[in-house]
Every structure is written in C-alpha cells, then in structure tokens.
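Take a look at the structure set out below.
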Amino acid sequence: VWTVDISQKHIAQSAAIKEAALWIREGKTVAFPTETVYGLGANALSEVAVANIFMAKGRPSDNPLIVHIGDKKQLTNLVTKVPSHATQLMEAFWPGALTLILHSKEIVAKNVSAGLNTIAVRMPDHPVALALLQTSDVPVAAPSANLSGRPSPTNAAHVLADLSGAIDGIVDAGITGIGVESTVLDVTGTQPVLYRPGGVSREEIEAVVGKIDVDPSLKGQVVVPKSPGMKYTHYAPKAKVVLVDEASVLKCEVKAARARGERVGIFATRGEIDYEADVIIKGKSLAHVAQMLYASLRRFDEENVTVIYVETVPEIGIGLAIMNRLEKAAGGRMISKK
Ligand code: TXA
Ligand code: MG
C-alpha cells in the first residue's frame, strides 16, 4: 500500500508514484484512485497482466475493460479514427468521467476488449491517476477494483476488503469524489449512444453534441446490451434492496418488515424525513448520494441488515446514474404508490 497525500504539490515526483508506475510497466496489478471509483490497473499492452485483472476480480472474460490514458495525445495510438463529435466530447470532458467507445487499432492486448473490435478509453480527472498514468507511460486497463458483483470501491479499504492478497499493490489517496463510475458512450456511429450513465450527465453531453441515443437495455427493454458489463447483476449488497417512491409507503413497508423480524436499513436519499429503522443513512444532495452510494451499500452489509429500503431519486443529472445502479442493486424490486 502506497499512501499519497493529494494536497502535495509534486505528486508525480513522489517515490510512491514512481514505484507504482514502474510496477504497472512491469506487468503488475496496481489499484489506484480516480475521480469516480478506484480502478484495478495493469499494463494494457500485456496480455498476462490483463489476465491477472480478470483473475483477481473473478470477472467474466467476455466483459471488456476501459483503457486509461494520462494524455489526450495517446488516443491516436489506440484508435483508428476519431469522429468530430468524439473530439468535441474529449475537449469538453477530458480529463473526466466520460469513457468513449471507438474503433480499436488493436494495439492493446486482445483480452482488454474481450474480442470486440472497439475499445473503451478515458482520461481520468484525478491528480494521482494522472500522475500514475503519465509516469508509467503505457495505456492502463482498469475496471473498478471490486470483486465482480460487489459494489465498486470508493476508498482503499473497500479495495482491500475485496482484493487483498489477489493484487500486487494499491495507491491510497482517500475517498473518490464522484462515487459512481464514468459514463460510457459509443461514438463509433453517426449519433452517440449511451451505454452506461455515469459521472458526466446526459444533459451535459447533449449540450455539446446534441441529442444522443440510449441503449435499449437502459430503457428496461429485454435485449442483449451492447456494453457487455451491463448484462451482469452488479452492485449487489447481501441484503435485499427495495426501491420506494413515497415516504408514506416506505414507512408502512418498514413497519411491516420490522414486525416480521427483519433488520432494516434505510437510505434516505432526499434527507428530509425522520424514519425509524435499525440503520439510517441520509443523503444531502444528488451529488452527495452518488458519492456515498457504494459505501452505504457496503455499510448496510457490515451492519447485517436484511433489507434495505431506498428512496428513489429523480433521473436528472447524476440522478440517472444513481437510479441505474440502484435498480441493479434492487434487481427490479420497486414499490410505487401509483
Ligand atoms: O469510472 C470508471 O469507468 C471506472 C474507473 C476505474 O475508471 N471503471 C469502470 O470499469 O467502471 P468497469 O470495468 O467496471 O466498467 C467498464 C464498462 C463495462 O460495462 C464494460 O462492458 C464497458 O465499460 N465496455 C468496455 N469496453 C467496451 C467496449 N469496447 N464496448 C462496449 N462496452 C465496453
Ligand atoms: Mg465495475
């Protein structure tokens, strides 16, 4: 474990970053913070290193990884062409929580893209991630640094809880800012298609490139998702998660559950109402809810609650990503008044 203080001036000069970057170059697996969640990085040019990521996470080999770069110039080495709307998006949002799917030059190891002819690329907006990427000077494949099926890690303790012993190192720089993963956008066609809502909102993207398409799997239609990762049950805590629209309904449900002998957790995303339950976590704003979403799911598990009731949030801004993750965690369990 390397600990890096992000308030220091010359992060890239720190011994920690120099060593971690060397480990990446040499093909080791190193977890590191980004502005969204912690990633488990490895040299994307090495098939063996990338295979070790899949192994450590227990990740299905048909689920491709995002390639992280520390400089926009690296993109041209990785992809065959950059359409004009992709350039506009990079200029607007990189470094940042936007992953672009482009046609691959197939420079990176084959297992990075799981056999697809496209590649997912992003330049993260985090001083430690950027220092590590720039110093290692190789493209770095990095999925979220959790065991497959567990909530993504937003601090180093989460990474160690899931992957301790299975990875070579971790750069600890405290909690991540945004708290949910990057937005995944396919820019290979004439109109961009949203595969995964995330840190950069649909509204922000549309303000730059106009109307975008949304993958049908995100609209609740039963189709094979274009983004292979979206077909797996993600973000599932051990307790049953139930989404509820209305405070009055939530109160009734909680009462009934406690009468049945359940240990009840409530994630009060609107932060206003005083509920009664065994564990209550309150969010102050959409941004705050996003930031503590995964930590909250983990905490409910540690507290051994058997059922978690969650207030739904409006699907605007980061709310779209929050609801996407909550719906997955709930496996479709939703109670609404209507
Ligand atoms: O914020 C993030 O994106 C974090 C940090 C570490 O950067 N990473 C992350 O990676 O969330 P991961 O592996 O957990 O999610 C990557 C998503 C998956 O849903 C995967 O299927 C999709 O991106 N993906 C990767 N390459 C793709 C491709 N060529 N075509 C379509 N989807 C792709
Ligand atoms: Mg993930």
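The values are calculated or read from the model by the stated rules, or taken from the named source; none is laboratory data. The structure displayed is predicted, hence computed values, not measured ones. Methodologically, a virtual Cβ is constructed for each residue, glycine included, from the backbone with ideal geometry; neighbour enumeration extends over all protein chains shown. Heads up: the accessible areas ignore ligands, DNA and RNA and are worked out on the full protein's heavy atoms, side chains in. Shrake-Rupley method; radii C 1.70, N 1.55, O 1.52, S 1.80 Å.
Where only protein heavy atoms count, and the probe is 1.4 Å, what is the accessible area per residue for the stretch 15-124 in Å²?
Details: 4130 Å² over 110 residues.
With the other protein chains kept in place, the stretch 15-124 gives 38 Å² per residue.
How far is the Cα center of the stretch 105-141 from the Cα center of the stretch 296-330, in Å?
So the separation of the two Cα centres works out to 29 Å.
Counting only helical runs of four or more DSSP H residues, what would the 222 nm mean residue ellipticity of the chain come to if each run contributes -39,500 (n - 2.57) and the total is spread over all its residues?
Values: 10 runs with 104 residues, N = 338.
One gets -9000 deg cm²/dmol as the mean residue ellipticity at 222 nm.
In square nanometres and to one decimal, what's the mean projected area of the convex hull around the Cα atoms of the chain? Don't jump to the answer; show the numbers that get you there.
Values: hull surface 66.8 nm².
Approximately 16.7 nm², given one-decimal rounding.
Straight distance only, please: which lysines reach the Cα of LYS57 with their own Cα at less than 29 Å, same-chain residues fewer than 8 apart left out?
Of all the lysines, those that pass the test against LYS57 - Cα under 29 Å, at least 8 places apart if same chain - are LYS18, LYS28, LYS72, LYS105, LYS110, LYS219, LYS226, LYS231, LYS238, LYS240, LYS328.
Give me the angle, in degrees from 0 to 90, between the Cα long axis of helix 286-302 and the longest principal axis of the Cα atoms of the chain, rounded to the nearest 10.
The helix 286-302 is inclined about 70 degrees to the chain.
Compute the long axis of helix 47-57 from its Cα atoms, compare it with the longest principal axis of the Cα atoms of the chain, and write down the angle in degrees, 0 to 90, nearest 10.
10
Give me the angle, in degrees from 0 to 90, between the Cα long axis of helix 84-93 and the longest principal axis of the Cα atoms of the chain, rounded to the nearest 10.
70
Run the accessible area of the chain with a 1.4 Å probe and give the carbon-and-sulfur part as a rounded percent. Mind showing how you got there, number by number?
Values: 7380 of 14150 Å².
With neighbouring chains kept in place, the figure for the chain is 52 percent.
Can you tell me the length gained on complete extension of the stretch SER285 to ILE175, counting 0.36 nm per residue apart and subtracting the Cα distance? Mind dumping the intermediate values first?
Details: separation 110, 0.36 × 110 = 39.60 nm, distance 1.76 nm.
Net length gain for the segment: 37.8 nm.
Between GLU302 and GLU315, what is 0.36 nm times their sequence separation minus the Cα-Cα distance? Round to one decimal in nm. Numbers along the way, then the final one.
Details: separation 13, 0.36 × 13 = 4.68 nm, distance 2.85 nm.
Going from the current span to full extension adds 1.8 nm.
With the other protein chains left in place, how much accessible area per residue, in square angstrom, belongs to the stretch 156-296 at a 1.4 angstrom probe? Intermediate values should be presented prior to the final figure.
Values: 6320 Å² over 141 residues.
Solvent-accessible surface per residue comes out at 45 Å².
Nearest 0.05, what FRET efficiency do ASP71 and ASP213 give at R0 = 30 Å with Cβ-Cβ as r? Could the numbers behind the result be given before it?
Working: r = 29 Å, r/R0 = 0.98.
With a Förster radius of 30 Å, E is 0.55.
Computed FRET efficiency, Cβ-Cβ of VAL249 and GLU106, R0 56 Å: what is it to the nearest 0.05? Kindly include the intermediate steps, with their values, before the conclusion.
Values: r = 52 Å, r/R0 = 0.92.
My answer for the efficiency is 0.60.
Among DSSP beta bridges whose residues both lie in the stretch 91-237, state the antiparallel percentage, nearest 5. Please list the in-between numbers first.
Working: 7 of 13 bridges.
Around 55 percent antiparallel, to the nearest 5.
Within the chain, what percent of beta bridges assigned by DSSP are antiparallel, to the nearest 5? Don't skip to the end; give the middle numbers.
Values: 16 of 44 bridges.
The answer is about 35 percent antiparallel.
Please list 3J(HN,Hα) in residue order for the stretch 206-219, calculated via the Karplus relation 6.51 cos²θ - 1.76 cosθ + 1.60 where θ = phi - 60°; whole Hz, with x for glycine and proline.
Taking θ as phi minus 60°, the curve returns 5, 5, 9, 10, x, 4, 10, 8, 10, 4, x, 5, 7, 8 Hz for the stretch 206-219.
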